[in-house]
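Structure first, then comments.
The values are calculated or read from the model by the stated rules, or taken from the named source; none is laboratory data. Just so it is clear, the model here is predicted, and its values are computed rather than measured. Cβ: placed from backbone, ideal geometry, glycine included. Neighbour counts: every protein chain shown. The accessibility values were calculated without ligands, DNA or RNA, using every heavy atom of the protein model including side chains. Shrake-Rupley method; radii C 1.70, N 1.55, O 1.52, S 1.80 Å.
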Amino acid sequence: MKTIRDFDLKDKKVIIRVDFNVPIKDGIIKDDNRIKESLETINYAINHDAKVILLSHLGRIKEESDLAKNSLLPVSIRLSELLKKKVIFINKTRGSELEKSINNMQNGDVLLMENTRYEDLDGKKESSNDLELGKYWASLGDIFINDAFGTSHRAHASNVGIASILPSGIGFLIEKELNNMLPVIENPHHPFTVIMGGSKVSDKIGVIDNLINKCDYLLIGGGMAYTFLKAKGEEIGKSLFEEEYLDYCKKLLNKTDKIILPVDHVVSKDLESTECTVKEAIASDDIALDIGPKTIKLFEKYVHESKTIVWNGPVGMFENPLYQNGTKSICAMFNKNQTVIIGGGDSASAVINLGYKDNVTHISTGGGASLELLEGKELPGIKVIGEL
Ligand code: AMP
């Protein structure tokens, strides 16, 4: 796989697709982590005398009223602070002002174009990988670097479109994601334990199917555990349940004994209630919202004996402190001798927000993209790189 290191960037107009899809409220950036994650690649291009042209999406654009609140202007200001240098911001995604500004750039200059999804107002041009749009953006540069891991599972004009035309490579962020995740998925050190949680079995079937033959144990918690427990004939009360996946769970449980399910639960009668209890047997009017202490001990036994661990999805409704203990306890189970990979999304924010970032080997920056990697799929935004 070609990386940014494989190119002579001097005097070149280098288009870098970054992921600046940060949460913004009333013009204030709530979490600038994604901007910080992109700095290594941007600084490398600056230091190698490139003219750096940055493209990113932000939010979704469906109608005119989505435009102003999804402008990248606040991002350009924060990026300028972080780079300690001027960032030229052009509030357009095409046209003569953009082209002139790019032609006037000096080596080491950084330019950020407006949100690529502004083009979605016109027949979803960005998100449907409109050929003309990809061609136009490619015409603005000499080299294309994809460093937006979070969108690499989508074929958009700003990644696949441009990479189909310009010589291309990946940046440091995508390289780090692949270097950390692929060896674990393809050739893990055993014992290899997968921990899965989150709300639905249906969202995770691809991951289960890809990893069940590779792992030694699959620990299942969270809402998805209850369709499995029902498949075993257990009472699950009013806990999350997907009737149409009952059969799938039954078949899987019959096929393998690698699956470890919760043996006790933190239950409540009502999602809004401030009262909860720990139970081994769920009553018909209970909702199970977290794994209990015996399950934590049981899961810990498997985690402690593992060399490799992949975790995707919180094992309880962790947004509510009453049901955080299971997820928090899992964060605390890992040690430095283990390879621990956290799939993006909720488990990633749990590990970061609960203060356990240093306990793990790698936290993926992409929710959907990391899920598709764990499913064993090729990501279109990465597959296209270096094909020319
Ligand atoms: P996912 O996006 O599929 O990883 O699901 C994450 C969501 O699952 C979080 O918002 C959790 O609150 C939710 N969740 C985890 N465990 C449970 C549970 N036992 N009951 C209901 N929701 C849960």
Can you say whether T339 is at pLDDT 90 or above and within 11 Å of the ligand (Cβ to nearest atom), as far as the supplied structure shows? no
Residues located in the stretch 210-250, provided they are of a type in the set (A, V, I, L, M) and within 12 Å of the ligand (Cβ to nearest atom): I220, M224, A225, L229, I236, L240
Yes/no for K328 being open to solvent by 10 Å² or more (accessible area, probe 1.4 Å), assigned to a helix (DSSP H, G or I) and assigned by TED's automatic domain parsing to the domain that holds K258: yes
Exclusive hit being of a type in the set (A, V, I, L, M) and open to solvent by 50 Å² or more (accessible area, probe 1.4 Å), set I24, I16, I28: I28
Counted residues, the stretch 265-323 - those being within 12 Å of the ligand (Cβ to nearest atom), under 30 Å from K214 (Cα atoms) and open to solvent by 50 Å² or more (accessible area, probe 1.4 Å): 1
Residues satisfying the stated conditions in the stretch 191-204, i.e. open to solvent by less than 10 Å² (accessible area, probe 1.4 Å), at pLDDT 95 or above and assigned to a loop (DSSP other than H, G, I, E, B): G197
Give me the pairs: first residue in the stretch 34-62 and under 20 Å from S101 (Cβ atoms) and open to solvent by 10 Å² or more (accessible area, probe 1.4 Å), second residue assigned to a strand (DSSP E or B) and not hydrophobic (A, V, I, L, M, F, W, C), beta-carbon distance under 9 Å, and six or more apart or on different chains, which are they? K51/K13
Quick check on my filter: what residues within the stretch 1-12 are surrounded by fewer than 21 Cβ atoms within 10 Å (Cβ to Cβ) and at pLDDT 95 or above? K2, T3, R5, D6, F7, D8, K10, D11, K12
Of the residues in the stretch 350-367, those that are closer than 21 Å to D19 by Cα and more than 10 Å from the ligand (Cβ to nearest atom) come to V351, I352, N353, K357, H362, I363, S364, T365, G366
Find the residue count for the stretch 354-379, including only residues that are surrounded by 15 or more Cβ atoms within 10 Å (Cβ to Cβ) and free of Cβ contacts under 8 Å to residues at least 24 places away in the same chain. 1
Run G222 past the list (1) open to solvent by 20 Å² or more (accessible area, probe 1.4 Å); (2) closer than 30 Å to V266 by Cα and report the number of the one that doesn't hold. (1)
Of (1) within 14 Å of the ligand (Cβ to nearest atom); (2) surrounded by fewer than 21 Cβ atoms within 10 Å (Cβ to Cβ); (3) in a helix (DSSP H, G or I), V207 fails just (2)
Consider G344 carefully, then state whether it is within 12 Å of the ligand (Cβ to nearest atom), over 25 Å from I4 (Cα atoms) and open to solvent by less than 20 Å² (accessible area, probe 1.4 Å). no
Name the residue, out of E242, E300, that is modelled with pLDDT of 95 or more, within 30 Å of K336 (Cα to Cα), in the same structural domain as T361 (by TED's automatic domain parsing) and within 27 Å of the chain's Cα centre (by Cα). E300
